[in-house]
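What follows is a set of notes on a single structure, which appears directly below.
The values are calculated or read from the model by the stated rules, or taken from the named source; none is laboratory data. From a predicted model like this one, the values you see are computed outputs, not experimental measurements. Cβ placement follows ideal geometry from the backbone for every residue including glycine, while neighbour counts extend to all protein chains displayed. Heavy atoms of the whole protein, side chains included, go into the accessibility calculation; ligands, DNA and RNA do not. Shrake-Rupley method; radii C 1.70, N 1.55, O 1.52, S 1.80 Å.
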Amino acid sequence: MRNYLCDTDGTGGHLKTLPEDFIVREISDPPREKPNGDYTIATVTARNWETNRMVRLMSRCMGVSRDRIGFAGTKDKRAVTTQLMSFYGTPEMVAKIDLKDVTIENVYRGARGLGIGDLIGNDFEITVRDCSMDPARIKETVETNTSIIRKTGGFPNYFGVQRFGSVRPVTHLVGERLVRGDIEGAVMTYICYSTPEEEEELRIKRKELEDVSRWPELYSTIPAKMSFEKMMVGTLLSSPGDWKSAIEAAPPNLQMMFTHAYQSWLFNEMLSRRMDAGMPLNTPVEGDIIIPLDANKIPQHENPILTTSKNIDLVTRQCRAGRAFVTITLFGSDGDLAEGEMGEIERKVIEENKLSHEDFVIPGLPRCTSKGSRREIICPLKNLDYEISDESYKLRFMLPKGNYATCLLREYMKSEMRDY
């Protein structure tokens with residue numbers, strides 16, 4: 001993420017000083033009620049919980065497999081989040097869940113469960129504290145940025161740091177190993193890769209785990225914060241050399257995230273190069289691939305439109321009206337690339353990384369295989385508003401699913417990634 005839409009100075013500051021500084025309320029499309037349905041649907045509010053860890057402990061409370069618990073989106077840990085979840089079982093089983101700072105409400109029997117992507121979007125209420133900018137300038141800066149974003153119709157649709165790991169950006173590195181066919185390297189990267197920002201206890205443990213011969217003695221010492229790594233190590237202790245099973249020991253949504261994160265890294269690079277070239281975000285040029293929206297404002301990725309000299313006036317009007325968006329490839333095993341200047345950027349990034357469509361078919365790991373898609377290069381938002389305090393400010397807004405609030409906040413803050 002090298003570029004900004006707004007050319008103002010940043011306010012600086014930090015997010016998530018308190019979990020209450022990052023409030024997320026999921027906008028859901030709830031399953032219909034069915035009195036004797038197999039699923040129990042409930043609204044879950046959690047404070048300071050990582051989604052996968054919460055699901056794992058919920059399944060223990062219920063005495064069922066974690067696969068019986070469904071949710072539409074993975075939420076930030078240091079936050080207060082409200083989302084729909086589904087449980088394959090009765091309300092009485094769900095009532096067994098007793099976790100600190102987790103509230104379960106609006107329970108009913110449903111006709112179906114929930115899966116990743118079964119949501120419309122998210123409402124956010126985010127507070128930025130400890131701003132480094134002179135308090136007298138914060139109001140003007142926030143007002144100016146808000147005006148620019150409203151006029152543009154959104155902000156650069158980068159994948160946020162959470163996609164890769166805020167403290168330990170590792171998921172895209174694992175994904176790249178998988179795409180290269182190095183399953184062993186993918187597992188070892190996930191277990192052992194660290195950063196200076198990670199807790200010292202975890203950094204030391206990852207260094208120790210680089211020596212596979214010591215795993216039998218180290219297994220019991222792997223801390224709870226490395227639970228997925230412990231699952232992988234345990235799998236390999238039971239089945240030495242079975243690196244694919246080690247990947248499959250991770251939760252299904254994490255397995256999917258690995259390759260998707262690498263695709264996201266490639267997308268971010270392509271978007272940065274488009275902005276480096278001075279190409280517009282909200283207006284197509286010849287060769288761009290446009291994705292129209294349906295009546296419910298959902299992108300129709302199955303109906304891409306190539307911008308040509310014959311239709312450029314029409315697609316430009318559609319984009320300016322918010323009925324279509326310019327896209328960049330999420331390069332995978334299938335799908336077309338753009339033409340013209342954007343096509344040259346896409347092809348150059350792919351060639352520099354020595355990639356082909358076939359690389360994204362991961363034999364024996366179907367959850368890590370990805371066809372790819374296209375992603376809008378500008379993220380639309382609704383109800384953007386702000387509130388200014390002495391040395392902090394609050395933003396309220398709604399984003400469609402699959403987009404990152406932190407990428408909006410970076411337009412205002414322009415801080416180091418660790419501050420998000």
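Tabulated results
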read-out: Residues being closer than 30 Å to residue 394 by Cβ, in contact with a Gly (Cβ under 8 Å, 6 or more places away or on another chain), part of a strand (DSSP E or B) and in contact (Cβ under 8 Å) with a residue 60 or more places away in the chain - total across region 72-122; value: 2
read-out: Among the residues listed as 167, 161, 80, 107, the single one being open to solvent by 40 Å² or more (accessible area, probe 1.4 Å), under 30 Å from residue 197 (Cα atoms), β-branched (Val, Ile, Thr) and in contact with a helix residue (DSSP H, G or I) (Cβ under 8 Å, 6 or more places away or on another chain); value: 167
read-out: Complete set of residues in region 214-252 that are touching a residue at least 12 places away in the same chain (Cβ under 8 Å), over 22 Å from residue 176 (Cα atoms) and basic (Lys, Arg); value: 225
read-out: Test: residue in region 183-200 that is open to solvent by 60 Å² or more (accessible area, probe 1.4 Å), more than 30 Å from residue 269 (Cα to Cα), hydroxyl-bearing (Ser, Thr, Tyr) and out of contact with any Gly (no Cβ under 9 Å at 6 or more places or on another chain); value: no
read-out: Where residue 74 falls short, out of the listed (1) among the hydroxyl-bearing types (Ser, Thr, Tyr); (2) buried (at least 21 other Cβ atoms within 10 Å of the Cβ); (3) at pLDDT below 95; value: (2)
read-out: Selection from region 170-181 of residues that are outside any helix (DSSP H, G or I) and either buried (at least 23 other Cβ atoms within 10 Å of the Cβ) or on the phi < 0 side of the Ramachandran plot (or both); value: 170, 180
read-out: Conditions (1) without any contact (Cβ under 8 Å) to a residue 40 or more places away in the chain; (2) under 28 Å from residue 377 (Cβ atoms): number failed by residue 211; value: (2)
read-out: Cross-chain or 6+ apart pairs with Cβ under 6 Å, region 172-200 first and closer than 16 Å to residue 230 by Cα, then at pLDDT 95 or above and in a loop (DSSP other than H, G, I, E, B); value: 192/210; 193/170
read-out: Hits in region 123-142 - residues which are touching a residue at least 40 places away in the same chain (Cβ under 8 Å) and open to solvent by 70 Å² or more (accessible area, probe 1.4 Å); value: 129, 130, 132, 137, 139
read-out: Residue in region 36-47 that is out of contact with any strand residue (DSSP E or B) (no Cβ under 7 Å at 6 or more places or on another chain) and either under 19 Å from residue 98 (Cα atoms) or open to solvent by 40 Å² or more (accessible area, probe 1.4 Å) (or both) present; value: no
read-out: Matching option when the condition is touching a Cys at 6+ places or on another chain (Cβ under 6 Å) and either surrounded by 17 or more Cβ atoms within 10 Å (Cβ to Cβ) or at pLDDT below 95 (or both), among 327, 259; value: 259
read-out: Residue among 395, 365, 355 that alone is in contact with a Phe, Trp or Tyr (Cβ under 8 Å, 6 or more places away or on another chain) and surrounded by fewer than 20 Cβ atoms within 10 Å (Cβ to Cβ); value: 355
read-out: Residue match in region 362-372 (condition: over 22 Å from the mean Cα position of the chain (by Cα) and more than 22 Å from residue 6 (Cα to Cα)); value: yes
read-out: Flag if residue 59 is buried (at least 16 other Cβ atoms within 10 Å of the Cβ) and part of a helix (DSSP H, G or I); value: yes
